[in-house]
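A short worksheet on the structure shown next.
The values are calculated or read from the model by the stated rules, or taken from the named source; none is laboratory data. Remember, predicted model here, so these are calculated numbers, not experimental data. Here the Cβ positions follow ideal geometry from the backbone for every residue, glycine too, while neighbour counts run over all protein chains shown. Keep in mind that these areas ignore ligands, DNA and RNA; they rest on the heavy atoms of the full protein, side chains included. Shrake-Rupley method; radii C 1.70, N 1.55, O 1.52, S 1.80 Å.
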Amino acid sequence: EAQLVESGGGSVQAGGSLRLSCEGSGFPGRGYCMGWFRQAPGKEREVVATITSSGSSAYADSVKGRFTISLDNAKNTLFLQMDSLKLEDTALYYCSFDRASPFLRSADYCYSKAYNYWGQGTQVTVSS
């Protein structure tokens, strides 16, 4: 089955940057969605950014212009570049994967769908 391992979390000052990585293995097929989600203490899990296997991305309003999701297909790795970090970005960040049509082009589909495969999470803490 598909496995995902996140890395790159840590502590950073507000206004700083972090890059999260998610290395995948056992991904079948060529059509898929991948995404970054986060859950802060006392809050529900929320979608941060998603990307289709063809490279179309979508972002939560709260991170638009600050975060960038990308894929390195050769290395089977998903990235989340986080710039201009804010205190409210503090959360446990998860990467996720799910199958999709190999003809998928719409980023909205991956943004709204349910995901079946999850990593263990990596903590991001933003301080003043």
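At a probe radius of 1.4 Å, what is the per-residue accessible area of VAL5, in Å² to the nearest 10? Only protein atoms counted, so the area is about 80 Å².
Taking Lys and Arg as +1 and Asp and Glu as -1, the other residues whose beta-carbon sits under 15 Å from that of ARG105 total +1.
Here the 3J(HN,Hα) profile of the stretch 80-89, calculated from phi with Karplus coefficients 6.51, -1.76 and 1.60 at θ = phi - 60°, is 9, 7, 10, 10, 6, 5, 10, 4, 6, 7 Hz, Gly and Pro shown as x.
Using a probe of 1.4 angstrom and keeping all protein chains present, the accessible surface of the chain works out to 52 square angstrom per residue. With a cut-off of 14 Å between beta carbons, the residues surrounding GLN3 carry a summed charge of -4, where Lys and Arg count +1 and Asp and Glu -1. The slack between LYS113 and GLU1, meaning 0.36 nm per residue of separation minus the straight C-alpha distance, is 38.4 nm.
Per-residue SASA remark: ARG19, around 140 Å² accessible (1.4 Å probe; ligands, DNA and RNA not included). Taking a straight Cα-Cα cut-off under 23 Å and skipping sequence neighbours fewer than 8 places away in the same chain, the lysines within cross-link reach of LYS43 are LYS64, LYS86, LYS113.
Other residues whose C-beta falls under 13 angstrom from the C-beta of SER57 contribute a net charge of +1, scoring Lys and Arg +1 and Asp and Glu -1. Share of carbon and sulfur in the accessible area of the stretch 1-121 stands at 45%, probe radius 1.4 Å.
Go ahead and estimate [θ] at 222 nm for the chain from helices alone: -39,500 (n - 2.57) per DSSP H run with n ≥ 4, summed, over the residue count, rounded to 500. Walk me through the numbers on the way to the answer.
On the way: 1 runs with 6 residues, N = 128.
So the calculated ellipticity at 222 nm is -1000 deg cm²/dmol.
Whole-Hz Karplus values for the stretch 56-71 come out as 7, 10, 9, 9, 5, 4, 5, 10, 4, x, 10, 10, 9, 9, 8, 10 Hz, taken residue by residue from phi with 6.51 cos²θ - 1.76 cosθ + 1.60 and θ = phi - 60°; glycine and proline positions read x. Using the Cβ-Cβ distance between LYS86 and SER54 with R0 set to 30 Å, the FRET efficiency works out to roughly 0.50.
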